[in-house]
Structures are given as structure tokens and as C-alpha cells.
Amino acid sequence: MEILVTNDDGYTAKGIRVLTEIMSGFGHVTVIAPKRHQSGMSMAISIGMKPIAYKKVSHSDNVDIAYIDATPTSCVKFAFNTIYLNEKPDVVVSGINHGSNASSASCYSGTLGAVEEAALLGIPGIGVSLDTVNPDADFSAVRKYFPDIFRKLTESLPQKYGVYYNVNFPAIPAEEIRGIRAARQGKGTWIKEFVPWEPEKYCRFGMTPESFGVSRDIRKEDGEEIFMMTGQFSDSPDNPENADHRLVKSGYISISAHNIDTTDYEEVSRLEKLGFNINY
């Protein structure tokens, strides 16, 4: 099996190192990951006149690692346009993300943006996340349970186009995991998202301004105030029992299926009934 691995935390993150080790048990692994943090990029691409640096980091019989200074989706595009020109990978796996990508976080996730790109290109994609931003997180649960999850998913892939998977692990030791559940995307929003620029709040998690390619000393124009984005998650009261973020909070591994086709077909039918199929 030929496996492309990427992430949004950067090629040096512990999560992608663990994922690469796990995936190397299934075949040859090519890692093309961002040079630095690219969290929250969704399917953003490094387009236009932006120069994109590429560097091969290491090579072995079973694992090749390189980075590009670009978004996770751009990493997948780069791999398909250079390394995989003649023969596509069997699967794209993204992660292990430091932080949950359940509920509304899935809408912003660079981790999932990469596997959305895979789905767009007709290749199975699986995003993997752990519900903690600790740079030295305990990935024992992922090591223990993800190989079987990966095996089951890849042995029974859907026939329809556009599906990709979002797997979220609770940040608890492997022996405390209560089980695995098929889940739906939970409902929720983020509040109090903008706070004054205080990068030290994130430095303790290993997320320094420099790791995002940003100077700690920001020059501002007269009258400017500098903010940073953070926020608190506000849960929706009408979430079902199988909402992914609630399952993770209860100690379960959640697996949800997404699709790049975001059409609301019921709403399309309603629009037709409202008379929007009109000829002039």
C-alpha cells in the first residue's frame, strides 16, 4: 500500500511522527507536511505569487519525509503533482492533530482540509485528531486502536465519490477508552474569539509566534490594536447522543463520515417547490 501522510501542525510535530510510525506498518509512507503550523486553514491553498519552499528531510526503505512551506491542502496538491504523477497513493491520512476536530472545528480544520483534497481527487482520506493541544501528548490510545480502525475503513470503502473520514480520540490513556462510535458532526459555535495579543498564552503549548512564521514583536500603525484569535466552545443543547464531540468527551473514539458535496438536497427540493425552476 502507498500512503501519503500530512498534517497541519507541521512536519516536526509529535502527532505526525506517531502517525508515520503507525502507517509504516501498512506500506510505504510518503510524508509531505507543512514546514510550520498551518492550523485553521481548512482547504486554503498557497496560491499566486507566494514562493513555496520544498525540502527532503529524510529517506529510508519504507518512509520518505519532506516539507513544503504551504498549507495542508497544498501539501496534498504538491504530492499529487510531483511525486504521484504516474501512480496515485492508495490513501491519504492526515494528523495526528494536536487538538479536537469534532463538531464545528471540522469546518476550519487544516487536518481535514488535506483529506477533503484527497476526496476531491478521488482518493480515500482519513483525518485523525487527539483532543489535546499538548505538544508532548499521550498518543497511546491512537497507537492501540487506530490500526484496526484504519484497516476496517480501507477494507470496506464506499463506492460513491467524495467521502472522507474524521476520527477523533479522547485525550485519555488507552486503557480508559470506553469504545468506538459511528458519529455525526456535532453542533456548536465559538464565542469570545478575539483577545488582545498575548502570545505567551500559547507558548506553553509549544505554539510560538515563530512556529507560525510570525514575529513576536509586531509593528503597528497609529491607532491600531492587535488581537489574536482563541475562543470558547459553546455547545448546542439539541445535539443528538451520537454527536462526535460529546462522544469524545464521554471517553469514546468517534468516527464521522463527511462529503465534499455540501449540497443540501432537501433544501434544493424546497426551492424547486417555491418556484425557482423558471424559464425566461
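The values are calculated or read from the model by the stated rules, or taken from the named source; none is laboratory data. All values reported here derive from a predicted model rather than from experimental measurement. Please note: Cβ atoms are built from the backbone with ideal geometry, for glycine as well, and neighbour counts cover all protein chains shown.
The residues of the stretch 117-129 that are surrounded by fewer than 24 Cβ atoms within 10 Å (Cβ to Cβ) and part of a helix (DSSP H, G or I), listed by number, are A119, L120. With respect to the stated conditions, E198 fails to be farther than 22 Å from G99 by Cα, charged (D, E, K, R) and more than 23 Å from the chain's Cα centre (by Cα). Residue under question is V214, and the condition is that it be within 23 Å of the chain's Cα centre (by Cα) and in the same structural domain as T12 (by TED's automatic domain parsing); does it hold? So V214 does not fit the description; no. Checked against the criterion of being outside the structural domain of N101 (by TED's automatic domain parsing) and at positive phi, the stretch 195-211 contains one or more residues that satisfy it.
Report yes if S254 is in contact (Cβ under 8 Å) with a residue 12 or more places away in the chain and either in a loop (DSSP other than H, G, I, E, B) or touching a Leu at 6+ places or on another chain (Cβ under 8 Å) (or both), otherwise no. Yes; evaluated as a whole, the condition is true for this residue. Total residues in the stretch 58-95 satisfying the condition of being of a type in the set (A, V, I, L, M, F, W, C) and outside any strand (DSSP E or B): the figure is 8.
Once the stretch 213-241 is narrowed to residues that are touching a helix residue (DSSP H, G or I) at 6+ places or on another chain (Cβ under 9 Å) and modelled with pLDDT of 85 or more, the residue that is surrounded by the most Cβ atoms within 10 Å (Cβ to Cβ) is N239.
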